[in-house]
Amino acid sequence: MAPSLTISQVAKTSGVAAKTIRYYEQIGVLPAPRRAASGYRLYDQTGVERLRFIRRARSLGLPLQQLKTLMDTLNGGGHHPLRPRLRALVRAQLDAVTNQITELERLQQQLEQILQRMRTSVYRTHAGACQCLGTKNGPER
């Protein structure tokens with residue numbers, strides 16, 4: 001029989017905090033492990049590998065609810081192969097990141113334009129609000 005690990009050992013081995021492991025079990029992302037007579041959770045190597053998978057998926061920004069569905073497949077709850085579902089999830093995350101990058105590039109251009117205007121425009125003291133954040137065609141809508 002393979003050696004069993006306690007939650008603290010699994011946390012150290014996987015890089016996932018014990019509190020997070022318990023949370024993943026609570027919401028069903030990770031199946032509940034078997035218990036020792038003392039009540040301690042006991043994990044096998046499969047549990048550690050699944051936890052590493054979850055940690056890596058989370059580091060890529062994959063949502064927990066989607067991971068729960070994927071993990072149900074691994075736990076025998078689904079009839080669809082994991083890889084195509086994971087590929088679709090990663091593709092959706094890549095699309096979201098690509099859109100974020102596009103939006104951040106637009107924001108970067110706007111900030112650069114404002115800084116340029118602030119460097120080249122004449123500073124005026126007046127009682128109204130500063131117009132330096134407005135667009136070339138007037139205040140932002």
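All of the numbers you see were taken from the coordinates with simple rules; none came from a lab. From a predicted model like this one, the values you see are computed outputs, not experimental measurements. Counting neighbours? That spans all protein chains shown, and the Cβs are built from the backbone with ideal geometry, glycine included.
Using only the alpha-carbon atoms, how far is helix 64-74 inclined from the longest principal axis of the chain? Give it as 0 to 90 degrees, nearest 10. For helix 64-74, the angle is close to 30 degrees. Look at 123, 23, 43 and count the other Cβ atoms within 10 Å of each Cβ; fewest to most, that gives 123, 23, 43.
How big is the dipole moment of the range 7-120 about its Cα centre under a simple scheme where the beta carbon of each Lys and Arg is +1, that of each Asp and Glu is -1, and everything else is neutral? Debye, nearest 20, please. Rounded to the nearest 20 debye, it is 300 debye. For the range 7-120, the residue among 96, 37, 65 whose Cα projects farthest onto the positive side of the dipole built from Cβ charges is 37.
Got a sec? How would 27, 21, 7 order by Cβ neighbour count within 10 Å, fewest to most?
Details: 27 12, 21 23, 7 19.
So the ranking, lowest neighbour count to highest, is 27, 7, 21.
Applying 0.36 nm per residue to the separation of residue 107 and residue 120 and subtracting their alpha-carbon distance, the gain on full extension is 2.7 nm.
Remark: the residue 90-residue 18 segment gains 23.3 nm on full extension, using 0.36 nm per residue and subtracting the alpha carbon distance.
Among 120, 102, rank each residue by its count of other Cβ atoms within 10 Å, from fewest to most, as a rough exposure measure. Kindly include the intermediate steps, with their values, before the conclusion.
Working: 120 7, 102 10.
In increasing order of surrounding Cβ atoms, one gets 120, 102.
Relative contact order, whole percent, for the chain stands at 17, derived from Cα pairs under 8 Å and 6 or more residues apart.
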